[in-house]
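> Sharing a structure with you now.
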Amino acid sequence: MNRRTGDQQTAECPSCGLRSLTIEGPTHPFMLSSPGCWATFGEVLALEFGDPAYFSLHQMTVDSYAASHPGRPERQAIQAIGLHLMTLQLFIEDGIDASEGPKLHKRMVGHPPELAWLEPPELHGRMTVACVLEATTASEHLVRIRSWAEEVWAAWAPHHPIVRDWVRQSLP
C-alpha cells in the first residue's frame, strides 16, 4: 500500500506497519517485510555491531524483529518464530540475560519441541524497529530495545501458554 506524501512515496510494511520510503531492495527470505523496514533493521544491526555499548541486547533486537515479521505458515518461519518467541519469553518473563541468547538457541534446537504455526497478532500501531533507530544514545537504544521486546511479547499474549510449554520441553 503506497501513498504520496509531498514528493516522497512511502510504503507500509505488511507485518509491522512501519511506513518508510519506498525503496527497491532485499527482504528476508521468509520473514514478511517491506524493503524499507528490512533496511531499517539493517541500520539497527550496524549500530549494534559497530559499538559494544549498543550490543548487550542484540539477541532481543533480533527476536523482536523476527516476532514482528512472522511470515507465512511454512516450516522455516514456524521454526524461527517459535525459537524467537521462546527466547523473548525467557528474557521478558524469566529475566534471563539477552547475551545468553545464542547459547539458549543452541540448547533449544538440541531438544526441539513440536512447534506449530501460531496465528500472528495485529502489530500495526505498535513500536517498530524505526522507534529503536530514533535513539540518540546507547543507553536510550537499550531502553527502546527492551520496551520494543516487551511490547512485541505482549502482542503474542494469546500464545504465551504454548510458548512457555515449548520452553519447558526444550530446556529440561
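> Being within 22 Å of P172 (Cα to Cα), out of contact with any Phe, Trp or Tyr (no Cβ under 8 Å at 6 or more places or on another chain), polar (S, T, N, Q) and surrounded by fewer than 20 Cβ atoms within 10 Å (Cβ to Cβ): is that true of S139 here?
When the stated conditions are applied, S139 does not pass them.
> May I pose another question? Could you look through region 5-15, keep only residues that are over 17 Å from E43 (Cα atoms) and modelled with pLDDT of 85 or more, and pick out the one that is farthest from the chain's Cα centre (by Cα)?
Ranking the candidates gives Q9 first.
> Filter region 129-169 down to residues that are in contact (Cβ under 8 Å) with a residue 60 or more places away in the chain, closer than 19 Å to E114 by Cβ and of a type in the set (V, I, T), then give me how many there are.
2
> Could you grab me the full set of residues in region 9-35 that are closer than 23 Å to P73 by Cα, touching a Ser or Thr at 6+ places or on another chain (Cβ under 8 Å) and not acidic (D, E)?
C13, P14, S15, C16, G17, L18, T27, M31, L32, S33, S34, P35 - these are the residues of region 9-35 that are closer than 23 Å to P73 by Cα, touching a Ser or Thr at 6+ places or on another chain (Cβ under 8 Å) and not acidic (D, E).
> Additional query: Kindly indicate whether P172 is at negative phi, touching a Pro at 6+ places or on another chain (Cβ under 6 Å) and touching a residue at least 40 places away in the same chain (Cβ under 8 Å).
no
> How about region 90-123: which of its residues are free of Cβ contacts under 8 Å to residues at least 12 places away in the same chain and basic (K, R)?
Scanning region 90-123 gives K103, K106.
> Within the set of pairs 6 or more residues apart or between chains, which connect a residue that is assigned to a loop (DSSP other than H, G, I, E, B) and of a type outside the set (F, W, Y) inside region 1-18 to a residue that is surrounded by fewer than 18 Cβ atoms within 10 Å (Cβ to Cβ) and at pLDDT below 55 with Cβ atoms less than 6 Å apart?
Going by the 6 Å Cβ cut-off, there are no qualifying pairs.
> Do you know which residues across region 23-42 are closer than 21 Å to I145 by Cα and of a type in the set (A, V, I, L, M, F, W, C)?
Correct list: M31, L32, C37, W38, A39, F41.
The values are calculated or read from the model by the stated rules, or taken from the named source; none is laboratory data. Because the structure is a prediction, the values reported are computed rather than measured. Neighbour counts are summed over all protein chains in view; Cβ atoms, including those assigned to glycine, are modelled from backbone coordinates with ideal geometry.
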